[in-house]
Protein chains: 2
Amino acid sequence: MFFVNDATVPPEPEPCCAPLLRSPLDEHQASELADVLKALADPVRLRLVSIIAAAESGEVCACDLPVLVDRTQPTVSHHLSLLVRAGVLEREQRGKWAWFRLRRERLAAVGDALVNSG
Amino acid sequence: MFFVNDATVPPEPEPCCAPLLRSPLDEHQASELADVLKALADPVRLRLVSIIAAAESGEVCACDLPVLVDRTQPTVSHHLSLLVRAGVLEREQRGKWAWFRLRRERLAAVGDALVNSG
DNA sequence: ACGACGTTTTGACATCTGTCGATATGTTAG
DNA sequence: CTAACATATCGACAGATGTCAAAACGTCGT
């Protein structure tokens, strides 16, 4: 019910993170920023992101996540795919496992959008 | 509600913005951060915040907002109250008008939580 | 080819959310 | 007090969201 999904968005030009809050956002800018914030605005997804962000190796196998956030595997898969679609995570298939990495630039861009409002 | 609270609960404990994403968040931290992010993760609310943030005087009368975001007065009132509850905005009643100011520290704290994850 | 295993998709469901019209509450002016 | 106005709350409703079980899809080792 959203848009046709494209699993990976490599060529995506980093359209992210709306300008800031130093001047009124128009509807389009607000929707874009809201989309990324919505992806982050869930306790389970925040925990997933933080777990991946804190990983020594910088990446985490999807197989380890369900137990860590106490949700079923399909639920975790759903959350992960939302985070990927929002550009917060990067997914890499390696054999039969899926590995996820944090896209720090993306997250930083969102953070900047908020910080630079003051 | 569930857990015993600290003996002294200051009026406004500023519990905000969860730690960061440099170490895995526990459920409580994740919920707190998610609450603030949820308050921001809506296009209309982002526009309200940006309008108020951009105001010369630093504050905006609620009476001006419905037309600016193209929503009815009850809807705007609802969004504003969510933002106040989340600690993003400050409300001051002045005569029969309600004025809103941005709580920049709060917003900055959320931004930091995201930026400091990388 | 087969079976085992990891992941995604589907279908279903309860809950939450954004929105509005109608109404209630509150504040000021006369 | 009353009228007029600003804001909040209520009730309702469509649509989105989080969750799971079940089934489909992919990838590997045998």
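The values are calculated or read from the model by the stated rules, or taken from the named source; none is laboratory data. What you see is a predicted model, and the numbers here were worked out from it, not measured in a lab. For neighbour counting, all protein chains shown are included, and Cβ atoms are generated from backbone atoms with ideal geometry for every residue, glycine included.
Miscellaneous remarks
- Lone qualifier among B:84, B:76 - being in contact with a Leu (Cβ under 6 Å, 6 or more places away or on another chain) and either modelled with pLDDT under 95 or β-branched (Val, Ile, Thr) (or both): B:76
- Filtered by the rule that a residue be near DNA strand C (Cβ under 7 Å from one of its atoms), in contact (Cβ under 8 Å) with a residue 24 or more places away in the chain and farther than 19 Å from residue A:26 by Cα, region B:39-84 gives a lone residue, B:82.
- Per the conditions (1) at pLDDT 95 or above; (2) surrounded by 19 or more Cβ atoms within 10 Å (Cβ to Cβ), the sole criterion not satisfied by residue A:101 is (2).
- Of all residues in region B:56-93 being farther than 21 Å from residue B:109 by Cβ, more than 14 Å from chain A (Cβ to nearest Cβ) and not polar (S, T, N, Q), the one that is farthest from DNA strand D (Cβ to nearest atom): B:92
- Of all residues making up region A:84-112, the number that are touching a helix residue (DSSP H, G or I) at 6+ places or on another chain (Cβ under 6 Å) and outside any strand (DSSP E or B): 7
- Residue count, region B:63-76 (criterion: in a helix (DSSP H, G or I) and surrounded by 15 or more Cβ atoms within 10 Å (Cβ to Cβ)): 4
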